[in-house]
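Undergrad: Mind looking over this structure? Questions follow.
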Amino acid sequence: MKVMETERLYLRELVLEDVQELSKVLTDAESMQYYPEPFNQEKVVKWIQWNMENYKKFNHGLWAVIIKKGDIFIGDCGITMQKIENETVPEIGFHIIKNYWNQGYATEAAIACKRYAFEVLNYPKIFSYTTFRNIPSQKVAEKMGMTTYKVFHKNGEKQIAQVVCNTKG
């Protein structure tokens with residue numbers, strides 16, 4: 001089931017059958033360098049199950065990112081509820097298989113999710129956060145129109161949170 005569509009992509013709900021493809025990014029050490037460690041197969045299954053629960057609970061989660069031409073699975077992108085210090089906020093996150101890096105897919109999917117957050121979910125603000133070292137994700141956030149919200153520490157590491165407000169609200 002398609003949740004949203006862009007010029008080159010569509011996003012749909014993750015299903016357990018996506019484990020193999022999603023593992024290409026979540027178990028990869030380079031792709032997961034800003035996480036405490038890459039996932040194993042069991043964690044990938046739990047990741048998909050967590051998102052399936054989020055779809056029911058919040059009407060959003062991370063969705064499968066598919067290139068329309070060829071119907072190619074390239075990762076996940078979406079909106080999850082995350083804790084930034086004492087606040088629980090809607091946050092856009094993504095994981096793209098490294099063969100598809102630097103082609104604008106993360107930005108295209110993230111901008112679609114931002115639009116979805118404002119137009120469908122009616123969130124007044126949407127956030128993004130990452131480790132201070134993760135410059136590529138911060139650049140995607142900037143391309144979404146986000147600016148620095150706060151710098152904080154989580155899991156013993158310096159993090160940066162970025163935010164964009166719904167200007168139509």
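Read-outs: derived from the displayed coordinates by stated rules, not from any lab. Keep in mind that this is a model prediction, so the values were computed, not measured. Backbone-built Cβ (ideal geometry, glycine too); neighbour counts: all protein chains shown.
Undergrad: What distance in nm lies between label points placed 7 Å from Cα along the C-beta direction at Leu16 and Cys165?
TA: Label-label distance for Leu16 and Cys165, simple model: 4.5 nm.
Undergrad: Express the Stokes-Einstein translational diffusion coefficient of the chain in µm² s⁻¹, to the nearest whole number, given a Kirkwood radius over alpha-carbon pairs, 20 °C and a viscosity of 1.002 mPa s.
TA: Roughly 134 µm²/s, to the nearest whole number.
Undergrad: In addition: Rounded to whole Hz and in sequence order, give me ³J(HN,Hα) for region 59-72 from the Karplus expression 6.51 cos²θ - 1.76 cosθ + 1.60, θ = phi - 60°, writing x for Gly and Pro.
TA: 6, 7, x, 7, 10, 5, 9, 10, 6, 4, 6, x, 6, 9
Undergrad: Right, next: For region 3-12, what does the Karplus curve 6.51 cos²θ - 1.76 cosθ + 1.60, with θ = phi - 60°, yield as ³J(HN,Hα) per residue in whole Hz, taken in order and with x for Gly and Pro?
TA: So the J values, rounded to whole Hz, are 9, 7, 9, 10, 4, 10, 10, 9, 10, 9.
Undergrad: Just need log10 I(q)/I(0) for region 19-86 at q = 0.13, 0.14, 0.23 Å⁻¹, Debye formula, equal scatterers on the alpha-carbon atoms, no solvent, rounded to two decimals.
TA: Taking Cα atoms of region 19-86 as identical point scatterers yields -0.41, -0.48, -1.13.
Undergrad: Relative to a virtual label point 7 Å from the Cα of Glu5 in the Cα→beta-carbon direction, which members of region 66-95 show backbone nitrogen distances below 11 Å?
TA: So the set is 68.
Undergrad: Next question. Given the DSSP H assignment, sum -39500 (n - 2.57) over each helix run of at least 4 residues in the chain and divide by its residue total; what's the result at 222 nm in deg cm²/dmol, nearest 500? Write out the running numbers ahead of the final one.
TA: On the way: 4 runs with 50 residues, N = 169.
Helices in the chain give a 222 nm mean residue ellipticity of -9500 deg cm²/dmol.
Undergrad: Longer than 31 Å from Cα to Cα, which of Lys2/Lys150; Lys69/Lys158; Lys2/Lys158; Lys68/Lys154; Lys24/Lys56; Lys68/Lys158 are they? Say none if no pair is.
TA: Correct reply: Lys2/Lys150; Lys69/Lys158; Lys2/Lys158; Lys68/Lys154; Lys68/Lys158.
Undergrad: In debye, nearest 20, what is the charge dipole magnitude of the chain about its Cα centre with +1 on Lys and Arg Cβ and -1 on Asp and Glu Cβ, if you could check?
TA: Numbers: 22 positive and 20 negative charges, 92 e Å.
My answer is approximately 440 debye.
Undergrad: Mean-square fluctuation check for the chain, GNM, Cα pairs under 10 Å: which of Ala29, Ala141, Ala110 is largest?
TA: It is Ala29.
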